[in-house]
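Colleague: Below are the structure tokens for one structure; questions will follow.
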Amino acid sequence: MFQPTHVVTSGTEYYSSGPQQGRPADGRFESGTNVERLKDGGSYVQVRSENGLTAWIAADTLTPLRSREPATADVLNAAVAVNGFALDLYAALREREGNLFFSPASLSSALAMAWAGAAGETRNEMSHVLRFDRNPEELPQERVHGAYGKLTGLLNSAGAGGGYVLQTANRLWGQEGFAFESEFRQITRENYGAELAEVDFRQTEESRRAINTWVEEQTRGRIVDLIPERMLAPDTRLVLTNAIYFKGDWEDEFSEDRTEDAPFHLADGTTVDVPLMRQSGRFVYGENESLQLLRLPYAGGDVSMLILLPRADSSLDDLTRKLSGEQLVEWQQTMRRRRARVYLPRFRMETQFGLADVLAEMGMVSAFDPRAADFSRMSRQEELMISQVIHKAYVDVNEEGTEAAAATGIIFEPTAAPVAPEKPVEFRADRPFLFLIQDNRTGVILFLGRLSRPEQDA
């Protein structure tokens, strides 16, 4: 009988009869795979997977199921950097019309891998945009990749067997025969679990299908065709990919019987009827003169949705002009458990961005400039630049819970306490609002969204 004891926290190759120097691996376990640990063998251990496969894998790729290992200071500082980047990026995107949804965790992880190969002014600009240079005493740049690796390991291990699914994975897709620097490959492999898959970009459609198939598999079919047609070229040298997937039920589900159509007030003053879910109970809640905050936990208690709802006499634009990482922390510190009546629209959305121009406007200029890009720590065979940063995300919020997924592709070519009232407060999300899906132990923002108009069909 299969009794999982550990989870694979970074993708790793396996050997059926034990590792032997120079012999190709027999296969691969992806990050998030549950296994039963059978036998220790030094730096390798024997495990059995759910489908009955017995094999040997590297011991340091395993974490006990539901490990409650506390987040280290480096991990918490990495989460602060991710969140700062998240809100900077939202500020750069907020003028776009309509709904908005993306994964800061996915974008930041993919860009951090690209940063591992950057040098000179390109590296300095990326450090600033990704906020790696904001806290040099607390998190020196030489410890950034290790912190990101531990953060990824914590997220993946917490999601295994914890009442919800949370999985993030990375992969490099390099031109076959192209010489990548050994240090770059080591950093991305050891800290991000990003193995290098060799492809022939001269066969552009075949390469595109391979990358998109991997992304689709990692996101349980929710992110399809991340790399659009004609995005790759015969002279593409590398594509960095990150995929993240979350599926969790609410700790207290909404009853479908209580969902009713009700007006949702759009920013232009008009209304549309939407399915409004509702429930009453005790929730972590905060408020001030301009907004209300509500935290809805998912089963397992490790992940929650934080909703930032402007007051009826305020607006989402007013709220987002004040929003920063420091302000978000300050607002959350005012939250207390309160009785509340909660009204939340059921919605689904899918978004896709090309972010090269946005990231350049944020200060990451030379990475996209064929005359200035410096990725010499990635390869010295040719001078490389980033040609595209593609991000695609999906979210579905309903009575049972939430399913969210996102993927990032980076393409390289040659030159992310009030007093309780006697009666319950009312939290009625019937107007545009922001929402964040956060890991509670580290505070890292996994997904960030703006609901301008609830849509039922993505």
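Colleague: Quick one: Cα convex hull volume of the stretch 304-458, Å³ per residue?
Modeller: 157
Colleague: Once the piece of chain linking Arg37 and Gln141 is laid out straight, how much longer is it, given 0.36 nm per residue of separation minus the C-alpha distance between them?
Modeller: Working it through step by step, the gained length comes to 33.9 nm.
Colleague: So what's the chain giving for Cα Rg divided by 2.2 N^0.38 Å, two decimals?
Modeller: Ratio of Cα Rg to 2.2 N^0.38 Å: 0.99.
Colleague: Can you pull the one-decimal nm distance between simple spin-label points at Gln203 and Asp133, each 7 Å off the Cα toward Cβ?
Modeller: Going from the Gln203 label point to the Asp133 one covers 4.3 nm.
Colleague: Further, regarding this structure: Over the stretch 24-161, what is the relative contact order in whole percent, taking alpha-carbon pairs under 8 Å and six or more residues apart?
Modeller: In percent, rounded to a whole number, it is 30.
Colleague: Let me ask another. How would Phe246, Phe435 line up from fewest to most surrounding beta-carbon atoms within 10 angstrom?
Modeller: By the 10 Å Cβ count, ascending: Phe435, Phe246.
Colleague: Rounded, prolate or oblate: pick one for the stretch 238-363, where a ≥ b ≥ c are the square roots of the eigenvalues of its C-alpha gyration tensor, a/c under 1.5 means rounded, and failing that, prolate if a/b is larger than b/c, else oblate.
Modeller: Verdict is rounded for the stretch 238-363.
Every read-out reported here was derived from the displayed coordinates using simple, explicitly stated rules and does not represent laboratory data. Everything numeric here is computed off the predicted structure, so don't read it as measured data. A quick note on method: Cβ atoms are made from the backbone with ideal geometry, for glycine too, and the neighbour counts reach across all protein chains shown.
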